[in-house]
1. Any aspartates and glutamates with Cα under 18 Å of the K289 Cα? List them, leaving off those in the same chain fewer than 8 positions away.
2. Can you work out the FRET efficiency for the pair R45 and T134, with r the C-beta to C-beta distance and R0 = 60 Å, to the nearest 0.05?
3. Per 0.36 nm of contour for each residue apart, how much would the distance between K393 and Q283 grow if the chain were fully extended, relative to their Cα-Cα spacing?
4. Please report the carbon-and-sulfur percent of the accessible area for segment 282-417; probe 1.4 Å, protein heavy atoms only, DNA, RNA and ligands left out.
5. Can you bin segment 96-158 into rounded, prolate or oblate? Criterion: square roots of the alpha carbon gyration tensor eigenvalues sorted a ≥ b ≥ c, rounded for a/c under 1.5, prolate for a/b above b/c, oblate for the rest.
6. Placing +1 at every Lys and Arg Cβ and -1 at every Asp and Glu Cβ, with all other atoms neutral, what dipole size does the chain have around its Cα centre, in debye to the nearest 20?
7. Need one word for the chain: rounded, prolate or oblate. Basis is the Cα gyration tensor (sqrt eigenvalues a ≥ b ≥ c); a/c below 1.5 gives rounded, then a/b vs b/c decides.
8. Hand me the tally of lysine pairs in segment 99-256: alpha carbons under 19 angstrom apart, and the pair either on different chains or 8 or more positions apart.
Amino acid sequence: MGLEDIGKMNIWKSLRIYNEKKVHRTEAEVKEEEVERFTNLYEHRKGEITSNKSYKLIPKFFFKLPSEDELLLQKLREESRAVFLQRRSKELLDNEELQGLWFLLDKHHTPPLVGEDQMINYEDFLKVGAQAGTKCQPFFTATVFAKLLQTDPYGRISIMQFFNYVMRKVWLHQTRIGLSLYDVAGQGFLKESDLENYILELIPTLPQLDCLEKSFYSFYVCTAVRKFFFFLDPLRTGRIKIQDILACSFLDDLLELRDEELPKEAQESNWFSAPSALRVYGQYLNLDKDHNGMLSKEELARYGTGTLTPVFLDRVFQECLTYDGEMDYKTYLDFVLALENRKEPQALQYLYRILDVQNRGHLNIFALNYFFRAIQDQMKVHGQEPVSFEDVKDEIFDMIKPADPLKITLQDLINSGQGDTVVSILIDLNGFWTYENREVLVAETSEEAEV
């Protein structure tokens, strides 16, 4: 037996002895050994981290928000955010600086003229950027120039388009800062109460709302806020991203009310205008026959043309938030927004939840028949010959073309572009009548156009 073999035997002998000891150790002893090993390893690594200066350069990625009882920390955080937003606000171009930028662009425009629109090439564009000051530097880049470059044969961009681009960017940053001041949590979201405060303080700056009495302000704010949350918070989380507010057109519509000479047509089509808000609230008051500030199912049945089916209204009161079986103004606003915007995905999502009577996540033949029977009943009441459900069912599936030939999902409705028509057929006798007589209505419209 050689030395190598003796060495191997010693190793195996030591390992066997160690394993025998390990077998005879209690669970507490094993646990104690593991804790000791972990502690030694942790202390060793901690010492390495403390001695290595590079670890201190890693930024902290999580900051715990102060709790409600930490008033001093909350106030400190609030003040620091206010200072930060104020500093960011000072970095934006003011009216005087924007005017100076326009004069520089006008001075360095590149001939020849294209109609009345002045143009500028990249070389002159850079000259203006060099003279415009540090605040303007982010706008004078090759990327921005390329974005605005179109079909000019001389490789120029429109001065007016560029200036409008700058003003739009400045406005977006100003608005983001303004909204962020109402973001109590500082997380980039606004809760309902935050947005309510923002709009309430915005009202005096909108000349088109001067006609509103102060007693109506709370109802106006509720009406305005509901549109933001209905479309931007379809999952009902109770908060919306500031980024989403800026990306949608609602804020543009709201701030359009600064125009003192806004045309009547524009006011009527703007949800945030005084006439629109008064119209919606006036309808609510007219429906409220017992004047208790809430709507019962019977009162809501008179909404619009009064042709919504009882089955649909039953489902509305089952699925929507009610108080002792009656609907408040906020719930009513969601109802109105859904019915007035049936083509929108958020409205279809609202209505789909009501139509999904079995709560299966899809509409089957049973669900379609469940709602259409109420349409057939109403047709009988009005002395009309009921239409066969089989015919209507086939037309609905032909319009939607669902992935599953026996089920219609919400996504199927949205993708088809016919979701609003299908919903109208199932919940509203007037909507069904309009669909059934669509060819006659189109012909009458064509005749009127020819006259």
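1. Qualifying aspartates and glutamates at Cα under 18 Å: E298, E299, D324, E326, D328.
2. After rounding, the FRET efficiency stands at 0.85.
3. 36.2 nm
4. On segment 282-417, the fraction of accessible area on carbon and sulfur atoms equals 49 percent.
5. Details: a/c = 2.13, a/b = 1.38, b/c = 1.54.
It is oblate, given that a/c is not under 1.5 and a/b is not larger than b/c.
6. Values: 53 positive and 73 negative charges, 572 e Å.
Dipole magnitude for the chain comes out near 2740 debye.
7. In terms of gyration-tensor shape, oblate.
8. 9
The values are calculated or read from the model by the stated rules, or taken from the named source; none is laboratory data. Only a predicted model underlies this, so the values are computations on that prediction, with no experimental measurement involved. No Cβ is skipped: glycine too gets one built from the backbone with ideal geometry, and neighbour counts run over all protein chains shown. Side chains included, ligands, DNA and RNA excluded: accessible areas come from the protein's heavy atoms. Shrake-Rupley method; radii C 1.70, N 1.55, O 1.52, S 1.80 Å.
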